[in-house]
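Q: Take this structure first; my questions come after.
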Amino acid sequence: MYKIMTAGPTQVRENVRMARSLETTNPDLDVAFVEFYKETCDKLQSMLHCSGRAYILGGEGILGLEAACASLTEPGDRVLVLDNGIFGKGFADFVTMYGGEAVLYTSDYQRPIDAADLRSFLEKDSDFKYATVVHCDTPSGVLNDVSEICPLLAEFGILSVVDSVAGMFGEYLNFDESKIDILCGGSQKALSAPAGLTMLWVSDKAMEAMESRKTPVAAFYANILTFKTYYEDKWFPYTMPISDITGLAVAVDNAIADKDILSRHEKIASATRGAVTKAGLSLYLEEGYSNTVTVIEVPQGVTDRQILDTLKDKYNVMISGCFDVLAGKVIRIGHMGENANVDDMTLTLDAMDKTFADLGVKLNCSMKEEFLNRLR
Ligand SMILES: *Cc1c(COP(=O)(O)O)cnc(C)c1O
């Protein structure tokens, strides 16, 4: 088995894996399951300070992004797609797929969206039904300040869809205060359950927008409205993946019990960035680093493949490369959720020190030693 230090999926704790093997009931017919599902959703709601409702959908993280766009978009709707990263831009596909007109607001991929610049743009054009924004855009690791961006959108009467699949539980997030309308999360990042579930948090305003559509939602699986009365009706739109949800519920309890989860992410991320730069490697971003992932430029003279393969084959550590416009350009360490612990990061940076030595890349210092120094 490899030590998984990828930018998601992350490591899964034993109690989560065990919960997935518990005896199951019929989740369609047993009301105890409906209660259990609701309790888990209620916990998710309170963890992210949401006075709307939370739902768990059977389907990997991408389902949440598609469901948000499918449920809000009507043919001809103008949608503002905030694009300073690969996932950010990707929202345009979901918007157009459901008949919307995606208007890209593109800004520098190496820094967060500047709210003042966005305001100037909106002062000229704010005729959008909703806007999409990514909290942590994992390919670059950029962290957008949704607590500034979403209230700004709300000021212009624009609903907000936020992808925080790789931000939530590693970075602070407050749904109500940030005036978010639909928030998308996934099971396999900082929550550290296996891939397979999407979590959605939905504001009353977003629910009203869906209910006042003139045309029906052009999807079934990706239609958030089908979940609206599940609790009153004791009826889900499709059979819920019960074992995935029993596992997720334990991961939720783990996160609730983990009182210093955010400060630990912050400490580990900042020591990692410090160690990487002291060693002479370059971070991809100029500013706006998420504490869930560190993205490092591939140094001259080697390829991402050589680094990733040596780490994996010789030292048994798996980290991520990248794709799309960043393919081959960066490598990524995912220090989120269960991965965010000093022992695993020490092991990872030690393996990286050795890998770079093997490949003839000279570092100015040991990243492992520098990481540990910075935590003292
Ligand atoms: C991981 C992730 C998702 C989920 O998508 P997959 O690529 O299928 O894992 C969505 N958005 C962001 C920002 C993510 O990091």
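Q: Only Cα pairs within less than 10 Å get springs; with that Gaussian network setup on the chain, which residue of G170, G301, G64 has the largest fluctuation?
A: Comparing G170, G301, G64 in the GNM, the peak value goes to G301.
Q: Quote the charge dipole size of the chain about the Cα centre in Debye, to the nearest 20; the model charges only the Cβ of Lys and Arg (+1) and of Asp and Glu (-1).
A: On the way: 35 positive and 54 negative charges, 184 e Å.
Value, rounded to 20: 880 debye.
Q: Excluding G196 itself, calculate the net charge of residues whose Cβ lies under 14 Å from the Cβ of G196, where each Lys or Arg counts +1 and each Asp or Glu counts -1.
A: Values: positive: R17, R20, K189; negative: E60, D244.
Overall, the nearby charge balance is +1.
Q: Could I ask something else about it? For the stretch 162-270, what log10 I(q)/I(0) values come out of the Debye formula at q = 0.11, 0.13 1/Å, with one point per alpha carbon and no solvent?
A: -0.44, -0.61
Q: Tell me, what is the FRET efficiency for Q306 and D233 to the nearest 0.05, using R0 = 35 angstrom and their Cβ-Cβ distance as r? Mind showing how you got there, number by number?
A: Numbers: r = 56 Å, r/R0 = 1.59.
With a Förster radius of 35 Å, E is 0.05.
Q: Let me ask something else. Relative contact order for the chain: what percent, with Cα pairs under 8 Å and sequence separation of 6 or more? Write down the numbers at each step before the final one.
A: Numbers: 780 pairs, mean separation 88.0, N = 376.
Relative contact order here is 23 percent.
Q: Note the per residue figure in Å³ for the convex hull of the C-alpha positions in the chain. Don't skip to the answer; put the middle values down first.
A: Values: hull volume 48.2 nm³, N = 376.
Cα convex hull per residue, to the nearest whole number: 128 Å³.
Q: For the stretch 1-149, what are the per-bin percents of Cα-Cα distances with bins 10 Å wide, up to the bin holding the maximum?
A: Once binned at 10 Å, the Cα pair distances of the stretch 1-149 give 9, 28, 33, 20, 9, 1.
Q: Along the principal axes of its C-alpha atoms, what lengths does the stretch 238-376 span, in descending order and rounded to whole Å?
A: For the stretch 238-376, the Cα extents along the three principal axes come out at 52, 37, 30 Å.
Q: Evaluate the relative contact order of the stretch 150-226 (contact order divided by residue number), counting alpha-carbon pairs under 8 angstrom at least 6 apart; express in whole percent.
A: 23 percent
Q: Further, regarding this structure: Determine the order of E338, E35, E23, E177 by accessible area, beginning with the largest, at a probe radius of 1.4 Å. Write out the running numbers ahead of the final one.
A: Values: E338 50, E35 70, E23 180, E177 135 Å².
Per-residue accessible area, sorted high to low, gives E23, E177, E35, E338.
Q: What spacing in nm lies between the two simple spin-label points modelled at D117 and S263, each 7 Å away from Cα in the Cβ direction?
A: Placing both labels 7 Å along Cα→Cβ, they lie 3.5 nm apart.
Q: Can you find, among M5, A255, G141, the residue farthest towards the positive end of the dipole of the chain? Put +1 on the C-beta of Lys and Arg, -1 on that of Asp and Glu.
A: M5
Q: How much of the accessible area of the stretch 236-344, probe 1.4 Å, is carbon plus sulfur, in whole percent? List each step's numbers first, then the result.
A: Working: 2060 of 4250 Å².
Carbon and sulfur: 48 percent of the exposed surface of the stretch 236-344.
Q: Given charges of +1 on the Cβ of Lys and Arg and -1 on the Cβ of Asp and Glu, with all other atoms neutral, how large is the dipole of the stretch 275-375 about its Cα centre, in debye to the nearest 20? Intermediate results must be reported in sequence, preceding the final value.
A: Details: 10 positive and 15 negative charges, 42 e Å.
Approximately 200 debye in magnitude.
Q: How much area per residue is accessible in the stretch 245-376 when the probe is 1.4 Å and only protein heavy atoms are counted (Å²)?
A: On the way: 5560 Å² over 132 residues.
Using a 1.4 Å probe on heavy atoms only, each residue of the stretch 245-376 averages 42 Å².
Q: Still on this structure, please answer the following. Rounded to whole Å and ordered largest first, report the semi-axes of the equivalent ellipsoid of the stretch 249-317 derived from its Cα gyration tensor (root of 5λ). Could you put the intermediate results ahead of the total?
A: Working: eigenvalues 160, 63, 19 Å².
Taking √(5λ) for each eigenvalue gives 28, 18, 10 Å, largest first.
Q: Which lysines, if any, have their Cα less than 22 Å from the Cα of K354, not counting same-chain residues under 8 positions apart?
A: Candidates past the 8-residue exclusion: K3, K278, K312, K314, K329, K362, K368.
Q: Taking every DSSP beta bridge with both residues inside the chain, roughly what % is antiparallel (nearest 5)? Walk me through the numbers before you get to the answer.
A: Numbers: 21 of 41 bridges.
The antiparallel fraction comes to roughly 50 percent.
Q: Sequence neighbours fewer than 8 away in the same chain don't count; with that in mind, list the lysines whose C-alpha is under 27 Å from K228.
A: Here the lysines satisfying the reach criterion relative to K228 are K38, K43, K129, K179, K189, K205, K214.
Q: Moving to a separate point now. If you take every DSSP beta bridge fully contained in the stretch 111-183, what fraction is antiparallel? Give it as a percent rounded to 5. Show your work: numbers first, answer last.
A: Details: 2 of 10 bridges.
Antiparallel bridges: around 20 percent, rounded to the nearest 5.
Q: Considering all projection directions equally, how large on average is the shadow of the alpha-carbon convex hull of the stretch 315-376, in square nanometres?
A: Values: hull surface 20.6 nm².
Average projection, Cα convex hull of the stretch 315-376: 5.2 nm².
Q: Calculate the dipole size of the stretch 1-155 relative to its Cα centre from +1 charges on Lys and Arg beta carbons and -1 charges on Asp and Glu beta carbons; express the result in debye to the nearest 20.
A: Numbers: 13 positive and 24 negative charges, 103 e Å.
With Lys and Arg at +1 and Asp and Glu at -1, about 500 debye.
The values are calculated or read from the model by the stated rules, or taken from the named source; none is laboratory data. Quantities reported herein were computed from a predicted structural model and do not represent experimental measurements. Backbone-built Cβ (ideal geometry, glycine too); neighbour counts: all protein chains shown. What goes into the accessible areas is simple: the full protein's heavy atoms, side chains included, and nothing from ligands, DNA or RNA. Shrake-Rupley method; radii C 1.70, N 1.55, O 1.52, S 1.80 Å.
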